[in-house]
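Here's the structure we're looking at; comments come further down.
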Amino acid sequence: STVICVFEKDAIKIDEDLLANSGRSLETLVRVGMSLGVSMKEIAELAL
Amino acid sequence: MGNESSKDSSSSDSSTNEKPSRLSRFKQKLHFRRPRNNGSTSLSHQKLFTADDFAGIALLTLIGAEMKFEDKWLACVSLGEQTFRTEKSDNTDKPIWNSEKKLLLEKKGPHVARISVFETNRVLKNNLIGYCEIDLLEFLTRDSDSDFEVFDLFNPSSPDIVVGNISLSCSVEDPIETEKNFARRILSIVDYDEDGKLSFLEFSDLISAFGNQVAVNKKEELFKTADVNGDGLVSMDELAALLALQQEKEPLMNCCPVCGEVLEVADKLNTMIHLTLCFDEGTGNQVMTGGFLTDKQASYGWMFKLSEWGHFSSYDVGLNSGSSASHILVFDRRTKRLVEELIDGKIVLSMRAIYQSKVGLGLLDIGTKELLKSISEKQGKKMNSVESSKDIPKFIEFFKDQINLAEVKYPLEHFKTFNDFFIRELKLGARPIASLENDEVAVCAADSRLMAFKSAEDSLRVWIKGRKFSIQGLLGKEIVSDAFVDGSLVIFRLAPQDYHRFHFPVSGIIERIVDIPGCLYTVNPIAVNSKYCNVFTENKRVVSIISTKHFGKVAFIAIGATMVGSITFLKKEGDFVKKGDEFGYFSFGG
């Protein structure tokens, strides 16, 4: 079984390590509650 | 973490007085290194390691072990994406290896080494008997006067059972010593008469070996610069001094004389790391064999190696296709190591036959879809029967190093059916939630193998090969939103041994829950990677929309699969949910 989460465009900045592994077709073993990413809103507010 | 069971009792008090502790030695080395590297502006654009991240080159030595029975033993060390193995010991219960390996330590990189000890088997796969995990940075900073320490080895199926112990040492090489050793080894390459010094001819060959095409007169000039005492020969110390001096001004080393790799000329730190590790191969003590990705791979018996030989070069990270699709490598985020998941050969063959060929998919079209559903429904009934509880111990044994019973909420007697165990709950706190009070941080929704993509386009390029896949197809006809179409995609794939409850990745309100009927294809990467199969858009699934303050709307799609096709929810539309809360579970059924 599988769970897929779809976030709206530009809503989340997914953690770099997860993107980097996926970019080379490598699945990352994770557990419930581990960090997935940060709201882009938060990042934009911090930048301001 | 492996528990340190004892320390070197033989270390005398006198050594404490004469020799600084491991902690102070490590601190001294870091202190020594800091000003040297921070001052160099050339290090500010490192593509590999920065001076801030570089913690040192650790020399790890696996000395020996004490096991509970006699066998021929081998040990593996895994750190990050590298694994090294020792030679096989004699037939004994006290194997001695004295095998060493230099490992690059980064402060933010992998630093938990897993040591695995295998009993060897002449024909088949070697058996993992014990393991321990050691945080090398912590080991090096621990205040101890002993040169080696002894660690308990744990049973992989019951980590509370000690099956032996292993003694090892680990130290960070003094940078001065590293440079000296480095110069000594470089010198030995061209020291044809083995007098420990270089004549002009030998020196000239060395410069060429570095890939440096300087003119003869320039070589003469360099030789004179190096030959400080003017005896017409360059000693080891003189060469070391020249390399250090020259590397700052006009680097001599353009390529590695061992492997031929082109070196970044302005990158002294990485040059030193590369050359030190490269020179280490085949020298020193009995050096461990490298080039493996996981400890399982390093431990295979010769029979397995033979069968794999045909496509050995294709052994790489991620999913292998075709004949090599018998193992999947995944990256364990917690330990920062690659781990190998073996898929049963028969399953691989059947999955390849069905999902990676037009003929197989043709079969699915003429009734196999109904068959998969029927099998799953029957399996659900079976797994809900009281008799199925007898399968629980076999299941635990099969996945012995992957199910941690210590974190399961109830004892085994509590589970009256196999499905009860399959949807087991965990103890409170077994899964800490990252930034619990901060809803701007999303968290992982399941214990799983995760793939994440910034856009659906990225996922199609790298992972999902089904020709009909689209975000809209995944969400179904009832949920239409342009914002999702170009959105980010995170896939959590659960394996049979995993904790099968899924949780909320974000906080918000459940706006909708929509059932989409469909097939029960497997969600194994073999099917996901097949261009003929569209598991995510054709399988039975439930789409939930969570409305959040910080992420807008988030679509949460729970997808059923062959055998495990039953999806149960513990929340309903309109509920306010907190990230990390339980949302539902998958179980056996149709």
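Quick one: grab Rg to one decimal and Dmax as a whole number for region B:382-536, Cα atoms only, in Å.
18.2, 50
Quick one: order B:Asp498, B:Asp237 by neighbouring beta-carbon count within 10 Å, fewest to most.
Details: B:Asp498 22, B:Asp237 13.
If I rank by nearby Cβ atoms, fewest first, I get B:Asp237, B:Asp498.
Tell me the relative contact order for region B:480-545 as a rounded percent, counting alpha carbon contacts under 8 Å between residues six or more apart.
34 percent.
Given Cα pairs under 8 Å that are at least 6 residues apart, what percent is the relative contact order of region B:447-523?
Worked out over region B:447-523, it gives 43 percent.
List, in the order given, every pair from B:Lys381/B:Lys540; B:Lys369/B:Lys465; B:Lys336/B:Lys427; B:Lys427/B:Lys571; B:Lys72/B:Lys101; B:Lys336/B:Lys378 whose Cα-Cα distance in the structure shown is over 29 Å.
Details: B:Lys381/B:Lys540 18 Å; B:Lys369/B:Lys465 20 Å; B:Lys336/B:Lys427 25 Å; B:Lys427/B:Lys571 20 Å; B:Lys72/B:Lys101 21 Å; B:Lys336/B:Lys378 40 Å.
Check vs 29 Å cut-off fails for B:Lys336/B:Lys378.
Quick check for me: using +1 on Lys/Arg Cβ and -1 on Asp/Glu Cβ, what's the dipole size of chain A about its Cα centre, in debye to the nearest 20?
For chain A, the charge dipole is close to 120 debye.
What is the list of residues in region B:208-226 whose amide nitrogen lies under 11 Å from a point 7 angstrom out from the Cα of B:Asn254, following Cα to Cβ?
Residues passing the 11 Å test: B:208-215.
How crowded by other chains is B:491-504, given as the mean number of beta carbons from other chains within 10 Å of each beta carbon?
Partner-chain Cβ atoms within 10 Å, mean over residues of B:491-504: 3.
At a Förster radius of 41 Å, what calculated FRET efficiency corresponds to the Cβ-Cβ distance of B:Ala434 and B:Arg467, to the nearest 0.05?
About 0.65, to the nearest 0.05.
Nearest 20 debye, what's the magnitude of the dipole of region B:160-246 about its Cα centre given +1 on Lys and Arg Cβ and -1 on Asp and Glu Cβ?
260 debye
Find, to one decimal place in angstroms, the Kirkwood hydrodynamic radius of region B:128-226, where the mean of 1/r is taken over every pair of different Cα atoms and then inverted.
Roughly 18.0 Å, rounded to one decimal.
No lab work stands behind these numbers, since they all come straight from the coordinates. Given the structure is predicted, the values throughout are model-derived calculations rather than measurements. So basically every Cβ, Gly included, is an ideal-geometry build from the backbone, and we count neighbours across all protein chains shown.
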